[in-house]
Amino acid sequence: GENVEQHPSTLSVQEGDSAVIKCTYSDSASNYFPWYKQELGKRPQLIIDIRSNVGEKKDQRIAVTLNKTAKHFSLHITETQPEDSAVYFCAPFSGYSTLTFGKGTMLLVSP
Amino acid sequence: GAGVSQSPRYKVAKRGQDVALRCDPISGHVSLFWYQQALGQGPEFLTYFQNEAQLDKSGLPSDRFFAERPEGSVSTLKIQRTQQEDSAVYLCASSSLGASEPQHFGDGTRLSIL
């Protein structure tokens, strides 16, 4: 099965700073790489995803970069706001039935 | 529907009781997934349906867990003879087709076993 690691496990930034969360995976067959945001007591929400034939994707303040050779992908949030505070999960898909979620990164954005 | 709907939102049961959790996926979504999320952890896969067919149940922790989707729409996750270690949030997700299409989650059912 897929081994997924996220770093850091917690991240504290000041409002307006950038935040970067890295996800490493083990299965070279992985071909779909989503990021989910989960606020306390809420459902996981897909915020951005990328496929293996693309190296980078951007959506307003959020971007994802993929390095297939090194088997990692990263979430980049620019101009962070307090409402970005949440737990973020990477969940690569390697061709089995479902996504394999990382343990999560708690992002705290202080005003 | 507008999104994935799960019921009940909260369920408290005594150890040994049976429980049933319901998931109503987004209309037209072929694929349906059940996950278990322990406190402070990421969701862990339980089982996967494509239409009414259960294609993968490798994540079900024991034979006390059973899932069905008889008409290819609503799904029920049943846990028999509940144990304290079954306490968790049970999440349902659906996608248009397969796990490599965006999965949309419900709010989950928080199950507490006393």
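What the table below lists for this structure:
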| read-out | value |
| --- | --- |
| Candidate set from region A:73-105 (those that are surrounded by fewer than 17 Cβ atoms within 10 Å (Cβ to Cβ) and of a type in the set (Asp, Glu)); member that is farthest from the other protein chains (Cβ to nearest Cβ) | A:79 |
| Filter result for the condition that a residue is without any contact (Cβ under 8 Å) to a residue 40 or more places away in the chain, under 29 Å from residue B:50 (Cβ atoms) and crowded, with 16+ Cβ neighbours inside 10 Å, over A:27, A:49 | A:49 |
| Residue within region A:34-43 that is surrounded by fewer than 15 Cβ atoms within 10 Å (Cβ to Cβ), facing chain B (nearest Cβ under 10 Å) and more than 19 Å from residue B:99 (Cβ to Cβ) present | yes |
| Residues of region B:41-81 classified as among the small types (Gly, Ala, Ser), assigned to a strand (DSSP E or B) and within 14 Å of chain A (Cβ to nearest Cβ), total | 2 |
| Failed criterion for residue A:102 (all others in (1) touching a residue at least 24 places away in the same chain (Cβ under 8 Å); (2) over 13 Å from the mean Cα position of the chain (by Cα); (3) assigned to a loop (DSSP other than H, G, I, E, B) hold) | (2) |
| Options A:70, A:29: the member that is among the small types (Gly, Ala, Ser), away from every other protein chain (no Cβ under 13 Å) and not in a strand (DSSP E or B) | A:70 |
| Residue list for region A:32-67, filter: assigned to a loop (DSSP other than H, G, I, E, B), over 21 Å from residue B:43 (Cβ atoms) and either at pLDDT below 95 or not charged (D, E, K, R) (or both) | A:52, A:53, A:54, A:55, A:60 |
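The values are calculated or read from the model by the stated rules, or taken from the named source; none is laboratory data. This one's a predicted model, so the numbers in the text were calculated from it and none came from an experiment. Please note: Cβ atoms are built from the backbone with ideal geometry, for glycine as well, and neighbour counts cover all protein chains shown.
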